[in-house]
1. What percent do you get for the relative contact order of the chain when only Cα pairs under 8 Å and 6+ apart count?
2. Could you give the distance between the Cα centres of segment 139-155 and segment 178-254, to the whole Å?
3. Using Cα atoms only, what is the angle between the long axis of helix 242-259 and the major principal axis of the chain, expressed in degrees (0 to 90) to the nearest 10?
4. For segment 178-297, what relative contact order do you get, as a whole percent, if you take Cα pairs closer than 8 Å and at least 6 residues apart?
5. Please report 19, 100 as a ranked list, fewest other C-beta atoms within 10 angstrom at the top and most at the bottom.
6. Arrange the following residues from fewest to most other Cβ atoms within 10 Å of their Cβ: 298, 215, 43, 66.
7. Quick one: 267, 187, 212, fewest Cβ neighbours within 10 Å first, how do they rank?
8. Rounded to the nearest Å, what's the spacing between the alpha carbon centres of segment 120-137 and segment 1-59? Just the number, please.
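Read-outs: derived from the displayed coordinates by stated rules, not from any lab. Computed from a predicted structure; not experimentally measured. A quick note on method: Cβ atoms are made from the backbone with ideal geometry, for glycine too, and the neighbour counts reach across all protein chains shown.
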C-alpha cells in the first residue's frame with residue numbers, strides 16, 4: 001500500500017469534473033501532480049486538460065494508469081458503474097493503489113466498494129464533502145472520511161489541497177453516514193432561510209438589512225451567509241443541484257427506515273424539494289426551494 005505521496009512519483013487519476021470536481025482536481029494538480037481524467041461530458045474537462053491533465057476514455061483507463069484514483073460523480077448508480085461496472089475502476093486498478101470516492105452516496109454501497117477493493121489488495125476510502133461550488137473553488141471544503149486510517153493518513157496532503165475541515169470518522173461507510181447528518185441539518189436550515197425571506201418580503205422589510213442583522217445572531221449559518229444573498233439577486237445557479245439534494249435526502253430517509261428511526265422534518269423538506277423539481281427546477285441550486293415556496297404562497 002502507498003504510505004506517502006509526492007508529485008514526482010505518485011500518479012493521480014480523477015473521475016468526475018463537474019461543478020465541484022473540476023476545482024478539487026485543479027487544486028491537486030496545483031501541487032505539481034500529473035492527473036489522468038475522465039468525465040461523462042468531455043467539455044467539462046476542458047479547463048483541466050488546458051492546465052495539463054491527460055484525457056482517458058474510461059474509468060478503467062484512469063485506474064490502469066494511476067496510483068490514487070479520486071471520484072466525484074452524481075448518483076449511487078453512477079458510483080456503482082464507475083467502480084464495479086464494465087470498464088470500471090476495479091477492473092484495472094493495481095494492487096496497492098488507493099481509491100477515494102468523494103461522491104455523496106449510500107453507506108452500504110461505500111462498504112460494498114470497500115470490500116471488493118480489499119479483496120483485490122486495494123485500499124478504499126469514502127470521503128464525501130460539503131461546501132458547494134464556493135468551498136470547492138476556494139479549497140475550503142469539509143471532508144468526512146471513512147475507511148482504513150493508514151490509507152487516509154498517506155494521502156492526507158491531497159485532502160489538505162481541497163479542504164480545511166478534514167476529519168476521519170471511522171470504518172468504511174462512516175464518511176457517508178456523517179454526510180447524511182450534514183444533509184439532514186442543511187435540509188432544516190434551508191427551509192428556515194427561505195421561509196424567513198418569504199416572511200420578510202411579505203412584511204415589507206428591507207431584506208438585505210434583515211439578513212445582515214439575523215446573520216450575526218443565533219440564526220447564523222452557512223446557508224444564510226452564502227445562499228440567501230443569491231436568492232435576493234435571483235441567482236439560482238447551482239452550487240449543489242436540487243436533484244442531487246433530493247438524492248441525498250432519499251438516502252438518509254432509507255437509512256433512517258433501516259435503523260428504525262423517524263425523521264419527520266427531513267420527510268417534509270424532501271417533499272418540498274420534490275415539488276421544486278416537479279416545477280422544473282431540478283438542475284438549479286438548492287436555494288431554488290425559494291421558488292416552490294413562493295408559488296405555494298403566490299408571492300414573487
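1. Details: 542 pairs, mean separation 42.8, N = 300.
Once normalised by length, the contact order is 14 percent.
2. 27 Å
3. The two axes meet at around 80 degrees.
4. On the way: 116 pairs, mean separation 43.9, N = 120.
Value for segment 178-297: 37 percent.
5. Details: 19 19, 100 25.
By the 10 Å Cβ count, ascending: 19, 100.
6. Details: 298 6, 215 15, 43 9, 66 27.
By the 10 Å Cβ count, ascending: 298, 43, 215, 66.
7. Numbers: 267 14, 187 25, 212 11.
Least crowded to most crowded, the residues run 212, 267, 187.
8. 13 Å
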